[in-house]
Amino acid sequence: MSLLEVTDLRVSFSTPDGVVRAVRGVSFAVDRGRTLGIVGESGSGKSVSTQTLMGLTPGAKVSGQALFEGADLLTAGERRMRQIRGAEIAMIFQDPLSSLHPLYKVGRQIEEMIRAHEPDTGRDAVRKRAVEMLGTVGIPQPAQRAEEYPHQFSGGMRQRAMIAMALALNPKLIIADEPTTALDATVQAQILDLMRRLQREFDTALIMITHDLGVIADMADDVLVMYGGKAAEKARRRPLYYRPHHPYTKGLLQSTPSAAAGADRLRPIPGQPPSLINIPTGCVFHPRCEYVMDRCVTDEPVLDPVTGDDDPTHVSACWLPLEALGLGEDAERLRQ
Ligand code: SF4
Ligand code: MG
């Protein structure tokens, strides 16, 4: 059994404008020590999905199942969720300033997190571990920096501190939601390297949420592409990049500078993500799809195996036959 197994997750919110159906039947699994990349534009449901697992979407109507080590997170009480959050599943967000308290020293915040879950560990031991963690994530002079406030840290250093905090309790799963989006390219690469290294060292499972396929290009074992609250395509990393089936996945590849080889061939996906209140009929991607057929407007595609692929996990929700996509061309381009 996988560490986390999510089945048919559905999340909706009532708003004055109508019901927002943010997640509409998504399934995925993460194994110990592996990385699942969840990719999609904003509003695809990728953040809402994981926030719901963590019990962080109050007021939402939720159904489905999310087994973490065999127990359903969606029906766990708040008490159990408080134990799980941080100690068993940790989250890293785009903006560390929203998670780090501005008025407390960085070291102290890590200490308090440890203490909240391990009340019996002595002060000195906790303090030592907090400083060690800051060192582990590459913060120079960690004992000294532990005495500083978040605003005295650069963006990259703050993100490192967040990672230290996430790892301090040695969680089984880390959920990182756009952890490097706010950073410049060089710092982003350093943070991704660090996460990759620590994940191996700590044997943590990782869910990496991003709008940028480039971010997980050499990181994810498995990739879930989300669009309009649903899974558009799922596969292991290589087939996803080299033999994408869904036109949306292809569109993402062609519009992502760090994933596409020739920047001159960058092509943004025209149009806007769908309204999740008035969801398009048929295929949710049809208003933007260059391959749209009559059938796409009326019939909703389901996830079907991509045949002829040596990846048994590769599925795609699109009516197009494989040949129609001219697969292979992108693969060539990406290999160059
Ligand atoms: Fe495009 Fe039709 Fe496939 Fe949807 S089902 S992605 S509209 S070709
Ligand atoms: Mg988000």
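So which residues in the stretch 237-248 are assigned to a helix (DSSP H, G or I) and crowded, with 24+ Cβ neighbours inside 10 Å, if there are any at all? Talk me through it step by step, then tell me what you get.
So the first thing to find is which residues in the stretch 237-248 are assigned to a helix (DSSP H, G or I), and the list is 237-242, 247-248.
Matches in the stretch 237-248: L240, P247, Y248.
Given the conditions (1) without any contact (Cβ under 8 Å) to a residue 40 or more places away in the chain; (2) within 16 Å of the chain's Cα centre (by Cα), which single one is not true for K234?
(1)
I'm trying to understand the selection: among the residues of the stretch 90-129, which are farther than 21 Å from T204 by Cα and in a loop (DSSP other than H, G, I, E, B)?
D95, L100, H101, P102, L103, Y104, K105, P119, D120, T121, G122
Taking only the stretch 271-317 into account, find how many residues are within 11 Å of ligand 1 (Cβ to nearest atom), in a loop (DSSP other than H, G, I, E, B), small (G, A, S) and out of contact with any Ser or Thr (no Cβ under 7 Å at 6 or more places or on another chain).
Count: 1.
For the stretch 246-270, give me the residue count where each residue is at pLDDT 95 or above and more than 9 Å from ligand 1 (Cβ to nearest atom).
Narrowing the stretch 246-270 to residues at pLDDT 95 or above: 246-249.
Now narrow it down to the ones that are more than 9 Å from ligand 1 (Cβ to nearest atom): 249.
Selection size over the stretch 246-270: 1.
Is it the case, given these coordinates, that Q83 is without any contact (Cβ under 8 Å) to a residue 40 or more places away in the chain, more than 16 Å from ligand 1 (Cβ to nearest atom) and under 20 Å from N170 (Cβ atoms)? Quick ask: steps written out before the conclusion?
Details: without any contact (Cβ under 8 Å) to a residue 40 or more places away in the chain: yes; more than 16 Å from ligand 1 (Cβ to nearest atom): yes; under 20 Å from N170 (Cβ atoms): yes.
In short, yes.
Which one of these is within 15 Å of the chain's Cα centre (by Cα) and under 21 Å from L73 (Cβ atoms): A29, A22?
On inspection, the qualifying residue turns out to be A29.
Just give me the residues in the stretch 22-67 being in a helix (DSSP H, G or I) and out of contact with any helix residue (DSSP H, G or I) (no Cβ under 9 Å at 6 or more places or on another chain), in sequence order. It would help to see each step written out before you state the result.
Start the filter on the stretch 22-67 by keeping residues that are in a helix (DSSP H, G or I), which leaves 46-53.
Passing the criteria: K46, S47, V48, S49, T50, Q51.
Of the residues L213, L206, L194, only one is in contact (Cβ under 8 Å) with a residue 40 or more places away in the chain, outside any strand (DSSP E or B), touching a strand residue (DSSP E or B) at 6+ places or on another chain (Cβ under 8 Å) and not acidic (D, E); which? Give the derivation first.
Values: L206 fails: outside any strand (DSSP E or B); L194 fails: touching a strand residue (DSSP E or B) at 6+ places or on another chain (Cβ under 8 Å).
Of the residues listed, the single one that is in contact (Cβ under 8 Å) with a residue 40 or more places away in the chain, outside any strand (DSSP E or B), touching a strand residue (DSSP E or B) at 6+ places or on another chain (Cβ under 8 Å) and not acidic (D, E) is L213.
Got a sec? Which of R85, R80 is at pLDDT below 95, assigned to a helix (DSSP H, G or I), more than 29 Å from P150 (Cβ to Cβ) and not small (G, A, S)?
The conditions single out R80.
The values are calculated or read from the model by the stated rules, or taken from the named source; none is laboratory data. As the structure is a prediction and not an experimental result, all values here were calculated from the model. All Cβ positions, glycine included, derive from the backbone under ideal geometry; neighbour counts span all protein chains shown.
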